[in-house]
Amino acid sequence: MSKQAEQMQILVGMLLFNKLAIQHFPLECSLVWAQLFFSAACLGLFAFPYIHVGSMKDLLRWCMVVPFYCGMLLSSILALKHAPMSLVIVLRNTSPLGTLVFERFYPEPLRISGTMLGAIMMMMIGAMMYVSELPVKSWQGIGWVLLNSAIAVADRLLQRLLLSKEQCPVDISKTGITLINNLVGLFPIGLAMWVKGEFAMLPAAVAVLSPIDKVYIAVSCVIGLAISYTSIWAQSLISATSFLVMINANKFIIIGIEAFGLHSKALSALQIAGASLTILGGVAYGKARQAIEEEAEEMKFLLPQQDGMPPLKVKGFSC
């Protein structure tokens, strides 16, 4: 639980400093490229002994994740550039429902209870309450937010499939996975920089940065390195749905920061109630998930698998 708490704190910091960084350095592809480069360089220099790749097949299998990883980072920055943080948060709250559907096709599908579905519905109702009183201008970036949500679902589902020991895991260390994500990701993001013409705009954008602007960018790079590793760690232990619920419930801390710290958004009573309902939904989901996991452990103890009995697999599914 302490590791998950660290993951939650890092997620909050990442969202906040990405918002500050993109406000003062409006070249989104260049910002993501800098974050990827910083992470890859640090891992290559200081964590090389911990990098393990079992085989070329494992490497190629994991490379399937990289386009989704890069797309999630870039669309997240674009969403923060064109929309308030609160809008990004409330719309992302619907993403666990999508993962619930697709995880049913995994070799070891996620068990679903009525309490879990009710908790997610609480989160969705809270999100709708919050969004209902957003001003029209706050909806300008809704397309990027929805795209980011869709890519995040695909990214977490694929990572869960390739990381969980109950599914079809790759033989790559978590440090190796983090390095692959960031190092290989430099190429598609670099291509996006070239297509958008950011190489020509980069010198002028860097020249007008103030010292505090550079601090925002530097901190976003440091937190990006932390989250790229801790998210791999968390995703290997919990389901994609649980991971997204954990992210979304905690990001509502940002709503308070945006409203009362940055003074960039005033919250109505209905929006506060919606945010509170979403947080309660996240807590209820965690409790329901914990109960299912404890029940599954008890069943394993009472009904041990017989020697030689092959594990059950989903028809038509192969690792």
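Couple of notes before you dig in:
- Residue-level check: of (1) hydroxyl-bearing (S, T, Y); (2) touching an Asp or Glu at 6+ places or on another chain (Cβ under 9 Å); (3) modelled with pLDDT under 70; (4) under 30 Å from K196 (Cα atoms), Y106 misses just (4).
- Flag if Q7 is crowded, with 17+ Cβ neighbours inside 10 Å and either modelled with pLDDT under 80 or not in a helix (DSSP H, G or I) (or both): yes
- Within the set L186, L202, L146, L161, the sole residue that is out of contact with any helix residue (DSSP H, G or I) (no Cβ under 8 Å at 6 or more places or on another chain) and on the phi < 0 side of the Ramachandran plot turns out to be L161.
- Selection of region 198-213 for residues being acidic (D, E) and touching a Ser or Thr at 6+ places or on another chain (Cβ under 7 Å) yields only E198.
- Among the residues of region 133-148, just one is open to solvent by 10 Å² or more (accessible area, probe 1.4 Å), at pLDDT 80 or above and not hydrophobic (A, V, I, L, M, F, W, C), namely G143.
Yes/no per residue for (1) within 21 Å of A40 (Cα to Cα); (2) crowded, with 17+ Cβ neighbours inside 10 Å; (3) at pLDDT 65 or above:
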{"residue": "L183", "(1), (2), (3)": "yes, yes, yes"}
{"residue": "M201", "(1), (2), (3)": "no, no, yes"}
{"residue": "A249", "(1), (2), (3)": "no, yes, no"}
{"residue": "L262", "(1), (2), (3)": "no, no, no"}
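The values are calculated or read from the model by the stated rules, or taken from the named source; none is laboratory data. Here the structure is a predicted model, which means the values were calculated and not measured. Cβ sites come from the backbone with ideal geometry, for glycine too, and all protein chains shown count toward neighbours. The accessibility values were calculated without ligands, DNA or RNA, using every heavy atom of the protein model including side chains. Shrake-Rupley method; radii C 1.70, N 1.55, O 1.52, S 1.80 Å.
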